[in-house]
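Accompanying notes for the structure given below.
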Amino acid sequence: MTTITNHLPTTELQALDAAHHMHPFTTNDELAAKGARVITRAKGVYLTDSDGNEILDGMAGLWCVNVGYGREDIVNAAARQMLELPYYNTFFMTTHVPAIALANELAKLAPDDLNHVFFAGSGSEANDTNIRMVRTYWAQKGQPEKSHIISRKNAYHGSSVGSGSLGGMTYMHEQGGMPIPGIHHIGQPDWWAEGSDHTPEAFGLARAQELEAKILELGADKVAAFIGEPVQGAGGVIVPPSTYWPEIQRICDKYDVLIIADEVICGFGRTGNWFGSQTMGIKPHIMTIAKGLSSGYAPIGGSIVCDKVAEVIGACEFNHGYTYSGHPVCAAVALENLRILQEENVIDHVNNVAGPALKSGLEKLAAEHPLVGGLNISGMMASLPLSPHKESRAKFASDAGTVGFMCRERCFANNLIMRHVGDRMIISPPLVITAEEIDVFMTRAKKALDETYTALKEQDMLKAAS
Ligand code: PXG
């Protein structure tokens, strides 16, 4: 076997990567020409790359490393579990201790009567489970035609055929025959980009009322569920106006439509509560979980299901499941992660230290930096929409994403990871980030923004779209 280690030079690792590794959401030919950044290790909130740069990870990996990198307790929990029972399934009337313990812990942490857990390997898989579960629920209740699911444009619910159909990313729907039948998308509550001169409150209400219009168009007896991220993540950290979720809740209650809250990003402290549903005042019937459930140390996701739905599903054989549903090592890792979140009072840290520091730093950038046209923030997830004219929230004349990409490159050059969604810069650091580390974040972010601004001026790109 060829040995490929951290000790190979970066160019060699890049060439080997380009030869055989197909990256997700990437034009692989372009990447091969440029060479992928090689991350070799990480500790706390810092990544190290193969050239020895120490990079502040403002994205917690991919919105998931809530407790930070290098947690030996999690490593040890995984090792112990691997020695004791590395794998067994939860099919065929069988169970094991990690799955029992994790399901019990999640039922304790989840609000209200969300007391039952169906495990998956990822957020995408869990949302595929949800499609089948809500349709099976209504079929079992004698209403098989109550099967349509309403989601939002620009939502992200995963990348499998089912979950990608739930998502509202048109560039994904263009590939591979999506969306599947029976999925509908209404407008998103993105006041910054789409609210024109409405107040956020009026705009939030109007966007929620699109749900009522869609239910009436399809017929309430045809609509199984509504799915939404409490705060949209991959769509650009879109914090809905305060009027939005209460109106969605009212409409779903009125027409007997189940609510699926996709907590894959919002869950496990990201918004300052255990779940984004609590921050937004939503009472979901099902919550999708993944990412922060294990802080990304092992792949695990699932659906937390309310009593009413679990009772109906429990009375039939639900012909669904994954080889790795409740995988013992992933479950042990998740349990240890939940222990850390609780015993280190990470959510208090978010509310009392990291969240306020992040907010005040970003508010200052939004107020003072000529390129920053606003701020969306909920707890430890935020976005800075860039704009050539902040007063009018104007978009750039260049293709959407051009300026965001330039800024992302300046962030990398300054050893900071901020991802871009179109022309918005996204911030979602590990929840354990300290106030001092947030200062470092702000210094690097400001420098990257300054450099982007200078480059835009030099290239005469500070022009608004007409
Ligand atoms: N729901 C939500 C809300 C997500 O953010 C998924 C489901 C799917 O989870 P899995 O584990 O199947 O990836 C996600 C994932 C990005 C990005 O670029 C975001 C996600 C995944 C990949 C990239 O922001 N979110």
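The values are calculated or read from the model by the stated rules, or taken from the named source; none is laboratory data. Since we're looking at a predicted model, the values are computed, not measured. In this analysis, Cβ positions are derived from the backbone assuming ideal geometry, glycine residues included, and neighbour counts consider all displayed protein chains. Remember, those area values only see protein heavy atoms, side chains included, never the ligands or the DNA or RNA. Shrake-Rupley method; radii C 1.70, N 1.55, O 1.52, S 1.80 Å.
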query = Do you know which residues across region 126-154 are within 16 Å of the ligand (Cβ to nearest atom), aliphatic (A, V, I, L, M) and farther than 13 Å from Ile259 by Cα?
reply = Ala126
ask   = Do any strands (runs of 3 or more DSSP E) lying entirely in region 1-98 carry at least 1 residues that are in contact (Cβ under 8 Å) with a residue 40 or more places away in the chain, and which ones are they?
value = 46-49, 54-57
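Yes/no matrix, rows are residues, columns are (1) over 24 Å from the mean Cα position of the chain (by Cα); (2) under 27 Å from Pro429 (Cα atoms); (3) β-branched (Val, Ile, Thr):
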position: Ile180; (1), (2), (3): no, no, yes
position: Asp197; (1), (2), (3): yes, no, no
position: Glu201; (1), (2), (3): yes, no, no
position: Leu211; (1), (2), (3): no, no, no
query = Can you find even one residue in region 424-436 that is touching a residue at least 24 places away in the same chain (Cβ under 8 Å), open to solvent by 10 Å² or more (accessible area, probe 1.4 Å) and within 16 Å of the ligand (Cβ to nearest atom)?
reply = yes
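Could we say that Gly176 is open to solvent by 50 Å² or more (accessible area, probe 1.4 Å) and within 16 Å of the ligand (Cβ to nearest atom) here?
On the way: open to solvent by 50 Å² or more (accessible area, probe 1.4 Å): yes; within 16 Å of the ligand (Cβ to nearest atom): yes.
Against the criterion (open to solvent by 50 Å² or more (accessible area, probe 1.4 Å) and within 16 Å of the ligand (Cβ to nearest atom)), Gly176 qualifies.
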ask   = Tell me, which residue of region 275-297 that is closer than 26 Å to Lys43 by Cα and open to solvent by 10 Å² or more (accessible area, probe 1.4 Å) is farthest from the ligand (Cβ to nearest atom)?
value = Tyr297
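Using the structure shown, decide if Gly158 is open to solvent by less than 30 Å² (accessible area, probe 1.4 Å) and on the phi > 0 side of the Ramachandran plot. Explain how you work it out, then say what you get.
Numbers: open to solvent by less than 30 Å² (accessible area, probe 1.4 Å): yes; on the phi > 0 side of the Ramachandran plot: yes.
When the stated conditions are applied, Gly158 passes them.
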Enumeration of residues in region 161-173 that are open to solvent by 10 Å² or more (accessible area, probe 1.4 Å) and more than 12 Å from the ligand (Cβ to nearest atom) = Val161, Thr170, Tyr171, His173
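Name the single residue, out of those in region 296-321 being more than 17 Å from Ala103 (Cβ to Cβ) and aliphatic (A, V, I, L, M), that is nearest to the chain's Cα centre (by Cα). Don't jump to the end; show me each part of the working.
Going residue by residue through region 296-321, those that are more than 17 Å from Ala103 (Cβ to Cβ) are 296-297, 299, 308, 312, 315-317, 319.
From what is left, the residues that are aliphatic (A, V, I, L, M) are 312, 315.
Numbers: Val312: 29, Ala315: 32 Å.
That would be Val312.
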inquiry  = Please pick out the residue among Asp49, Asp113, Asp29, Asp57 that is away from the ligand (no atom under 16 Å from the Cβ) and assigned by TED's automatic domain parsing to the domain that holds Thr434.
reply    = Asp49
message = Scan region 301-314 and tell me whether some residue there is open to solvent by 20 Å² or more (accessible area, probe 1.4 Å), closer than 30 Å to Leu384 by Cα and within 16 Å of the ligand (Cβ to nearest atom).
response = no
key: Number of the exception - Gly272 against (1) out of contact with any Phe, Trp or Tyr (no Cβ under 8 Å at 6 or more places or on another chain); (2) within 11 Å of the ligand (Cβ to nearest atom); (3) under 18 Å from Gly355 (Cβ atoms)   = (2)
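Given the residues Asn130, Asn104, Asn89, which is the only one that is open to solvent by 40 Å² or more (accessible area, probe 1.4 Å) and not β-branched (Val, Ile, Thr)? Walk me through it before giving the result.
Working: Asn130 fails: open to solvent by 40 Å² or more (accessible area, probe 1.4 Å); Asn89 fails: open to solvent by 40 Å² or more (accessible area, probe 1.4 Å).
The conditions single out Asn104.
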Number of positions in region 155-177 that are out of contact with any His (no Cβ under 6 Å at 6 or more places or on another chain) and either part of a helix (DSSP H, G or I) or closer than 17 Å to Ala261 by Cβ (or both) = 12
ask   = Which ones in region 219-255 are open to solvent by 20 Å² or more (accessible area, probe 1.4 Å) and of a type in the set (S, T, N, Q)?
value = Ser242, Thr243, Gln249
